[in-house]
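The values are calculated or read from the model by the stated rules, or taken from the named source; none is laboratory data. Keep in mind the model is a prediction, meaning the values are calculated, not measured. Please note: Cβ atoms are built from the backbone with ideal geometry, for glycine as well, and neighbour counts cover all protein chains shown.
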Amino acid sequence: MEREPLVQMEEITVEFPGVLALNKVPFTAYGGEVHVLLGENGAGKSTIMKVLAGVNTNYSGRIVYKGQEIRATSVEEQRARGVSIIFQEMNLLKNLTVAENIYMGRHPMKVSGQVDWNKMNADARSMLDMIHSDISEKALIADLSVGQMQMVEIAKALSFKSDIIIMDEPTSALTEKEVDALFEIIAKLKAQGVAIVYISHRLAEIMRIGDKITILRDGQYIDTLSAKDITVDKMIQLMVGRDISEQYPKEDVVQGPKLLEVKHLNQGKQIKDVSFHACAGEIVGFYGLMGAGRTEVMRAVFGADPYDSGEIKIHDKPVKIKSCEQAKRLGIALLTEDRKNQGLILEFSVKDNIGLAKLDNIMNNFGINAGREKKVCDDLVKSVKVKTPSNNQKVKLLSGGNQQKVVIAKWLNTNSDIIIFDEPTRGIDVGAKVEIYRIMNELKKAGKSVIMISSELPETIGVSDRIYVMHEGRITAAFDNEDVRGLTEDYVIAFATGTKTHIPEQAG
Ligand SMILES: Nc1ncnc2c1ncn2[C@@H]1O[C@H](COP(=O)(O)OP(=O)(O)OP(=O)(O)O)[C@@H](O)[C@H]1O
Ligand SMILES: [Mg+2]
């Protein structure tokens, strides 16, 4: 007997000003299956799922849901039909608690007509327990890390008890343990007959949980394949439309003098006696699990957070960095991991965001030089390959990965010597990742010091000249150029999880 699809979308077309985001794309999902949507940044993955979720209502085409033709006209209506979505860009309200966010707009009520806070908190607790999360249901969203916010989004989506759950890059900021917990849940949901749509740029993950894979490229439907008939190489090839020869480009550059030196840095419980350095002409990798303290160290160096003790030298001169402004003047750039909150002003255009990091790069005595600004911006947009109809497009209208590229372009505009990338390739497609590695190599060749925080081990080993590993606020290992070559993943993970420690670099 033919199985009935839960949802069948046909000839879905979505057009935005200047962008044909989807061109007659089909998509069919069955209960009890994990259907992966795969494609480069800007391919149309989020757009088609936002059609199904009732967010993008300006579509043409046909949707048959549980055997009935429907029109998706609002999120509430689609939710009532059984569709829920974990948005790629998180949608939580910062000043409310975890439980309030999960039950936003549908607080449980007492007979008296008052909100039943106890029940709401208890319900939220049980959702969080289900995904093995120890986040407090009473914590404010503002106090959570990006990964924790992602867990709250997941708990929220699960709380609707939907027939189809769309997960748009749910794991981009999760730890391995959290990913495992999510996959356990997905297996359970599958067994209950729920349909899962899974969007991710982590190809290994897709191989692990996908049943079916649909590939989109530039708003076009390419193919739908069974996961067992596909390899990672084939996925890349279908996505990008060509083979990628070199996944981790690495240029040989003669290492210059130390540009940054940090000794015995301490800050509360988060940074413990951290010493490291970065030279001109090298890429220094900082590997660790989420929460290991890598971001905290870099924020302290950048003057974004105060530190308790320690010494920082830039170009061999001791400095006391008290503000980001000062750090920028000293030639430090920090590309933050959380683009939505720290990296970009979403309401501003691509051009204005790129201009933000260093206005005086494009200013003359008479104010902003529009011609020069345009040229600088055009070049940067081209060099990082931002996909946008124009540089006047609001950043919030770009796809997730393209927003990340704008963050990079913005900081390249500053001409800094020491460029710190915090998870630069999170949410970025394979092709664009290689572009970003190339940009880092270019910076390295230009004599800059590049520091890359990464939670992806193959990338850390593949791209870095030297590597520091952090665990619980400490540097637990330092690998020099020679060591990096022969490193195995298992060996590095042992330091990141704290099962092994060896003496890091001698500071002194
Ligand atoms: N509201 C909007 N207004 C204008 N353009 C949009 C809007 N939403 C998406 N787009 C454009 O539509 C195209 C498809 O975007 P979409 O967000 O679906 O990509 P994606 O496949 O999810 O990419 P990523 O992997 O980067 O998340 C992109 O060119 C994007 O800039
Ligand atoms: Mg997307």
Subject >> Filter result for Ser84 (away from ligand 2 (no atom under 13 Å from the Cβ), of a type in the set (S, T, N, Q) and either more than 22 Å from the chain's Cα centre (by Cα) or in the same structural domain as Val386 (by TED's automatic domain parsing) (or both)) >> reply: no
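When you look at Gln150, is it part of a helix (DSSP H, G or I) and under 24 Å from Val55 (Cβ atoms), yes or no? Full working, then the answer.
Values: part of a helix (DSSP H, G or I): yes; under 24 Å from Val55 (Cβ atoms): yes.
In short, yes.
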**OP:** Test Lys161 against the stated conditions and say whether it is surrounded by fewer than 17 Cβ atoms within 10 Å (Cβ to Cβ), within 19 Å of His35 (Cβ to Cβ) and without any contact (Cβ under 8 Å) to a residue 60 or more places away in the chain.
**Re:** no
**OP:** Would you tally the residues in segment 26-81 being under 15 Å from Leu6 (Cα atoms), under 22 Å from the mean Cα position of the chain (by Cα) and outside any loop (DSSP other than H, G, I, E, B)?
**Re:** 3
Original post:
Which of (1) away from ligand 2 (no atom under 16 Å from the Cβ); (2) surrounded by 14 or more Cβ atoms within 10 Å (Cβ to Cβ); (3) more than 30 Å from Arg485 (Cβ to Cβ) is the odd one out, the single condition Gln192 does not satisfy?
Top reply: (2)
Original post:
Name the pairs whose Cβ atoms lie under 7 Å apart, with the first residue in segment 40-60 and more than 20 Å from Ile196 (Cβ to Cβ) and charged (D, E, K, R), the second assigned to a loop (DSSP other than H, G, I, E, B) and within 8 Å of ligand 1 (Cβ to nearest atom), and 6 or more positions between them or separate chains?
Top reply: Glu40/Asp429
Subject >> Residues satisfying the stated conditions in segment 382-401, i.e. under 17 Å from Gly427 (Cα atoms), more than 15 Å from ligand 2 (Cβ to nearest atom) and of a type in the set (Lys, Arg) >> reply: Lys385
Original post:
Considering Ser200, Ser226, which residue is exposed (fewer than 15 other Cβ atoms within 10 Å of the Cβ) and not charged (D, E, K, R)?
Top reply: Ser226
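Could you please let me know if Ser136 is at pLDDT 95 or above, assigned to a loop (DSSP other than H, G, I, E, B) and outside the structural domain of Thr295 (by TED's automatic domain parsing)? Explain how you work it out, then say what you get.
Numbers: at pLDDT 95 or above: yes; assigned to a loop (DSSP other than H, G, I, E, B): yes; outside the structural domain of Thr295 (by TED's automatic domain parsing): yes.
Yes: the conditions hold for Ser136.
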Subject >> Test set (1) in contact with a strand residue (DSSP E or B) (Cβ under 7 Å, 6 or more places away or on another chain); (2) within 24 Å of Ala292 (Cα to Cα); (3) hydroxyl-bearing (Ser, Thr, Tyr) - Thr214 fails condition number >> reply: (2)
Subject >> segment 198-213, residues that are away from ligand 1 (no atom under 12 Å from the Cβ), in contact (Cβ under 8 Å) with a residue 40 or more places away in the chain and not small (Gly, Ala, Ser) >> reply: Tyr198, Leu203, Ile206, Ile209, Asp211, Lys212, Ile213
Original post:
Can you tell me which of Ala478, Ala432 is part of a helix (DSSP H, G or I), assigned by TED's automatic domain parsing to the domain that holds Val284 and either more than 23 Å from Asn402 (Cα to Cα) or of a type outside the set (S, T, N, Q) (or both)?
Top reply: Ala432
**OP:** Would you mind finding the one in Lys375, Lys405 that is touching a residue at least 24 places away in the same chain (Cβ under 8 Å), basic (Lys, Arg) and in the same structural domain as Glu282 (by TED's automatic domain parsing)?
**Re:** Lys405
Original post:
Of the conditions (1) in contact with a helix residue (DSSP H, G or I) (Cβ under 6 Å, 6 or more places away or on another chain); (2) under 25 Å from Ile48 (Cα atoms), Met127 fails just one. Which one is it?
Top reply: (2)
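Just to be sure, is Ile332 crowded, with 21+ Cβ neighbours inside 10 Å, in contact with a helix residue (DSSP H, G or I) (Cβ under 6 Å, 6 or more places away or on another chain), closer than 22 Å to Val450 by Cα and touching a residue at least 40 places away in the same chain (Cβ under 8 Å)? First the steps, then the outcome.
Numbers: crowded, with 21+ Cβ neighbours inside 10 Å: yes; in contact with a helix residue (DSSP H, G or I) (Cβ under 6 Å, 6 or more places away or on another chain): no; closer than 22 Å to Val450 by Cα: yes; touching a residue at least 40 places away in the same chain (Cβ under 8 Å): yes.
Against the criterion (crowded, with 21+ Cβ neighbours inside 10 Å, in contact with a helix residue (DSSP H, G or I) (Cβ under 6 Å, 6 or more places away or on another chain), closer than 22 Å to Val450 by Cα and touching a residue at least 40 places away in the same chain (Cβ under 8 Å)), Ile332 does not qualify.
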Subject >> Unmet criterion (only one of (1) among the small types (Gly, Ala, Ser); (2) outside any strand (DSSP E or B); (3) out of contact with any Phe, Trp or Tyr (no Cβ under 6 Å at 6 or more places or on another chain)) for Ala300 >> reply: (3)
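Being acidic (Asp, Glu) and within 12 Å of ligand 1 (Cβ to nearest atom) narrows it down to one residue among Glu77, Glu69, Glu15; which is it? Quick ask: steps written out before the conclusion?
Details: Glu77 fails: within 12 Å of ligand 1 (Cβ to nearest atom); Glu69 fails: within 12 Å of ligand 1 (Cβ to nearest atom).
Result of the check over Glu77, Glu69, Glu15: Glu15.
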Original post:
How many residues does segment 9-25 hold that are in contact with a Pro (Cβ under 8 Å, 6 or more places away or on another chain), assigned to a strand (DSSP E or B) and more than 16 Å from ligand 2 (Cβ to nearest atom)?
Top reply: 3
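Given the structure, is Lys94 more than 15 Å from ligand 1 (Cβ to nearest atom), touching a residue at least 24 places away in the same chain (Cβ under 8 Å) and farther than 26 Å from Glu184 by Cβ?
Against the criterion (more than 15 Å from ligand 1 (Cβ to nearest atom), touching a residue at least 24 places away in the same chain (Cβ under 8 Å) and farther than 26 Å from Glu184 by Cβ), Lys94 qualifies.
This table checks each residue for (1) on the phi > 0 side of the Ramachandran plot; (2) away from ligand 2 (no atom under 16 Å from the Cβ); (3) touching a Lys or Arg at 6+ places or on another chain (Cβ under 6 Å).
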position: His132; (1), (2), (3): yes, yes, no
position: Leu140; (1), (2), (3): no, yes, no
position: Gly147; (1), (2), (3): no, yes, no
position: Ser162; (1), (2), (3): no, yes, no
position: Pro170; (1), (2), (3): no, no, no
position: Ala181; (1), (2), (3): no, yes, no
position: Ile209; (1), (2), (3): no, yes, no
position: Lys212; (1), (2), (3): no, yes, no
**OP:** Using the structure shown, decide if Ile102 is within 16 Å of ligand 1 (Cβ to nearest atom) and touching an Asp or Glu at 6+ places or on another chain (Cβ under 9 Å).
**Re:** no
Subject >> Answer residue from segment 245-267, given it is assigned to a loop (DSSP other than H, G, I, E, B) and more than 27 Å from the chain's Cα centre (by Cα) and is farthest from Lys445 (Cα to Cα) among those >> reply: Pro257
**OP:** Select from segment 161-188 the residues that are within 16 Å of ligand 1 (Cβ to nearest atom) and in a strand (DSSP E or B) and list them in ascending order.
**Re:** Ile166, Met167, Asp168
